[in-house]
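Taking it in order: structure first as structure tokens, then the write-up.
The values are calculated or read from the model by the stated rules, or taken from the named source; none is laboratory data. Small disclaimer: the values here were computed from a predicted structure and weren't measured. So basically every Cβ, Gly included, is an ideal-geometry build from the backbone, and we count neighbours across all protein chains shown.
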Ligand SMILES: Cc1cc2nc3c(=O)[nH]c(=O)nc-3n(C[C@H](O)[C@H](O)[C@H](O)COP(=O)(O)OP(=O)(O)OC[C@H]3O[C@@H](n4cnc5c(N)ncnc54)[C@H](O)[C@@H]3O)c2cc1C
């Protein structure tokens, strides 16, 4: 398999094979020979036949000597990377999809193969050598990277590659390779949790803090509100310059461009260097200065202290979430009861429930509105 282009698709990513064939053609030598395209199917995860639509020259079916099946996700990464490195000797390049599992596996495989790893890229062939191109500096520059040392392991941006015009076709030979690997004994516990997108460029909701927060401790109110909203944390440039937050949190022309459904800037003035990179369906600003430029962009403006209104907002959101959860479980209980009653009665009760639900919502809204108009409460400008 030396010199082959090795493809490790996550599912039926025919586009990876299409790209492998394109790269193989560009790498073909003067004698017309080009690298073979080899698909890898891990036993228990991908059936070798599932790779046929990609028309690799060969499918390698990797099995464990102990008869165990390979595992998907984080718990199986170490075993798959070790097996992959053992099953493919000195490949020309290893291609994976740019998915969370693909990037995990790429990182572990490149370590095992002692090669370079580039994620979320597209491959080019320059003077017979492979390079990997990918966006840099939040998309404002394009970097092209060469490789040294062992074989390159890359994850390809399959969205950018698009759908192949004519999907490759063929019936590759299948070769089984048994690999002896130790179990993933370092992984004791795997839990899937719903975390907000950490890459600001991809996040759908962002709460950001500005210089007005006064220091790194001031970002606790941002963290708290972001946590309540399930949002990512961002910042204007001064907090990042001051080292209160890492540089990758910076939003603006010299930071990340964001495109979100909800943006909540706290103690951010709204300078054009910041706002030029903000695209938000809804912007809720909290600023102590009623003349702050940020209010020109706000759908909802809260004039006041971020340390007062941030926590109040977080508390209100958590209370609303709890109310909704309680409502849902009550609805569940009611439904069970309803199922035991006659159909006619059930309809009547459901209607009654709906009314109650609406009344509850209305009274919550009124309470909030009362609070807003209170002299001590937040002043709201729209
Ligand atoms: C070449 C260049 C590139 C730049 N690139 C970027 C960039 O990428 N991103 C970026 O953000 N900036 C960038 N800047 C900086 C930009 O010009 C502004 O200086 C910066 O955005 C201001 O950050 P700020 O709003 O957090 O701070 P400030 O301008 O200091 O504003 C702080 C705000 O907080 C409010 N405030 C204070 N205390 C409170 C409180 N307790 N509660 C509520 N509100 C409060 C104040 O009323 C004020 O509006 C760049 C500048 C240059 C020259």
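None of 20, 50 is more than 25 Å from residue 132 (Cβ to Cβ) and part of a helix (DSSP H, G or I) except 50.
Mind checking which residues of region 81-97 are over 18 Å from residue 70 (Cβ atoms) and modelled with pLDDT of 90 or more? Talk me through it step by step, then tell me what you get.
Here is the first cut: in region 81-97, the residues over 18 Å from residue 70 (Cβ atoms) are 89-93, 95.
Answer for region 81-97, where residues must be over 18 Å from residue 70 (Cβ atoms) and modelled with pLDDT of 90 or more: 91, 92, 93, 95.
Scanning region 285-300 for residues that are surrounded by 20 or more Cβ atoms within 10 Å (Cβ to Cβ) and more than 21 Å from residue 238 (Cβ to Cβ) yields a count of 0. Selection within region 250-273: residues that are near the ligand (Cβ under 9 Å from one of its atoms) and touching a residue at least 60 places away in the same chain (Cβ under 8 Å). The member of this set that is surrounded by the fewest Cβ atoms within 10 Å (Cβ to Cβ) is 255.
State which residue is nearest to the ligand (Cβ to nearest atom) when the search covers only region 299-312 and only residues that are touching a residue at least 24 places away in the same chain (Cβ under 8 Å) and either in a loop (DSSP other than H, G, I, E, B) or not assigned by TED's automatic domain parsing to the domain that holds residue 264 (or both). Outline the logic, then answer.
Of the residues in region 299-312, the ones touching a residue at least 24 places away in the same chain (Cβ under 8 Å) are 299-304, 306-312.
Filter again for either in a loop (DSSP other than H, G, I, E, B) or not assigned by TED's automatic domain parsing to the domain that holds residue 264 (or both), leaving 299, 304.
On the way: 299: 18, 304: 7 Å.
Taking the candidates together, the pick is 304.
Reported count of residues in region 35-63, each being touching a helix residue (DSSP H, G or I) at 6+ places or on another chain (Cβ under 7 Å) and at pLDDT 90 or above, is 11. For region 36-70, a tally of residues being more than 17 Å from residue 170 (Cα to Cα) and over 30 Å from the mean Cα position of the chain (by Cα) returns 6.
Scanning region 234-249 for residues that are near the ligand (Cβ under 6 Å from one of its atoms) and surrounded by fewer than 22 Cβ atoms within 10 Å (Cβ to Cβ) yields 237, 238.
Those residues that are near the ligand (Cβ under 8 Å from one of its atoms) and without any contact (Cβ under 8 Å) to a residue 24 or more places away in the chain, I need them from region 274-290; list them, please. So that I can check it myself, show each step before the final result.
Narrowing region 274-290 to residues near the ligand (Cβ under 8 Å from one of its atoms): 274, 277, 286-289.
If the condition is that a residue be near the ligand (Cβ under 8 Å from one of its atoms) and without any contact (Cβ under 8 Å) to a residue 24 or more places away in the chain, then 289 is the only one that fits.
Going by the conditions given, is residue 235 under 26 Å from residue 320 (Cα atoms) and in contact with a strand residue (DSSP E or B) (Cβ under 6 Å, 6 or more places away or on another chain)? Considered against the rule, which asks whether it is under 26 Å from residue 320 (Cα atoms) and in contact with a strand residue (DSSP E or B) (Cβ under 6 Å, 6 or more places away or on another chain), residue 235 comes out as no.
A quick yes/no check of all residues on (1) modelled with pLDDT of 50 or more; (2) touching a helix residue (DSSP H, G or I) at 6+ places or on another chain (Cβ under 8 Å):
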position: 267; (1), (2): yes, yes
position: 273; (1), (2): yes, yes
position: 285; (1), (2): yes, yes
position: 290; (1), (2): yes, no
position: 298; (1), (2): yes, no
position: 312; (1), (2): yes, no
position: 331; (1), (2): yes, yes
position: 364; (1), (2): no, yes
position: 371; (1), (2): no, no
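In region 198-227, which residue that is assigned to a helix (DSSP H, G or I) and touching a residue at least 60 places away in the same chain (Cβ under 8 Å) is farthest from the ligand (Cβ to nearest atom)? Before the answer, list the steps.
Residues of region 198-227 assigned to a helix (DSSP H, G or I): 211-213, 216-227.
Of the ones still in play, those that are also touching a residue at least 60 places away in the same chain (Cβ under 8 Å) are 212-213, 218, 221-222, 224-225, 227.
Values: 212: 2, 213: 7, 218: 8, 221: 9, 222: 11, 224: 14, 225: 13, 227: 19 Å.
That would be 227.
Residues in region 151-193 that are at pLDDT below 70, under 23 Å from residue 70 (Cβ atoms) and surrounded by 10 or more Cβ atoms within 10 Å (Cβ to Cβ): 183, 184, 187, 190.
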